[in-house]
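A.B. asks: Here you go, one structure.
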Amino acid sequence: MKQTPKVFESEYRFCLIMWANEPITCAKISVLCKEKLDWSRTTTYTVIKRLRERGVLKVEKSVVSSIVSKDEIQLAELDELMEKRFEGSLPAFIAAFAKHQKLSDKDVEEIQKIIEHEGE
């Protein structure tokens, strides 16, 4: 299984814009990052370069598109959080989450369906 590249918080905000608009030219994403993140063109191009070097995105003929999906990045972050804070224990993570968030009966039912479906 391939290792998902690390994406830091500000890079993740960039990726959200990219995923919603890809494929997108470097010039257009630079404008969107100025509007949504108040980034300069230089900042945007630096983030593009870093993410390209880490294999998160590709740039072909000045068009940016993803190599790694939003789901892959989110799952990698979740795995890292579980390892760092919950010693890799999914039950400990879920218990902490459930204590903090009030789960409705509908939420519990939906989670149960997900668990049952994953076991198939």
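A.B. asks: At what distance in angstrom do the alpha carbon centres of the stretch 1-36 and the stretch 48-64 lie from each other?
C.D. replies: So the separation of the two Cα centres works out to 10 Å.
A.B. asks: Using only DSSP helix segments of four residues or longer, with each worth -39500 (n - 2.57), what per-residue ellipticity at 222 nm results for the chain after dividing by its residue count and rounding to 500?
C.D. replies: Mean residue ellipticity at 222 nm (helix-derived): -21500 deg cm²/dmol.
A.B. asks: Let me ask something else. Given R₀ = 35 Å, what would the calculated FRET efficiency be for residue 52 paired with residue 85, taking r from the Cβ atoms and rounding to 0.05? List each step's numbers first, then the result.
C.D. replies: Working: r = 30 Å, r/R0 = 0.87.
Step by step, r from the Cβ atoms, then E = 0.70.
A.B. asks: Tell me, what is the FRET efficiency for residue 69 and residue 9 to the nearest 0.05, using R0 = 30 angstrom and their Cβ-Cβ distance as r?
C.D. replies: Calculated value: 0.95.
A.B. asks: Looking at the stretch 27-89, which GluC sites (Glu not before Pro) are in a loop (DSSP not H, G, I, E or B) and have at most 12 other Cβ atoms within 10 Å?
C.D. replies: Passing both the DSSP loop test and the Cβ count: 87.
A.B. asks: Give the Rg (one decimal place) followed by the Dmax (whole number) of the chain, computed from C-alpha coordinates and expressed in Å.
C.D. replies: Looking at the chain, its Cα Rg and Dmax stand at 17.9, 51 Å.
A.B. asks: When only alpha-carbon atoms count, how far does the stretch 9-70 stretch along each of its three principal axes, as whole angstroms with the largest first?
C.D. replies: Per principal axis, max minus min of the Cα coordinates gives 26, 25, 20 Å.
The numbers here are math on the coordinates, done by the rules we state, and not lab data. Owing to the predicted nature of the structure, the values given are computational and were not obtained by experimental measurement. All Cβ positions, even for glycine, are placed from backbone atoms using ideal geometry, and neighbour counts span all protein chains on display.
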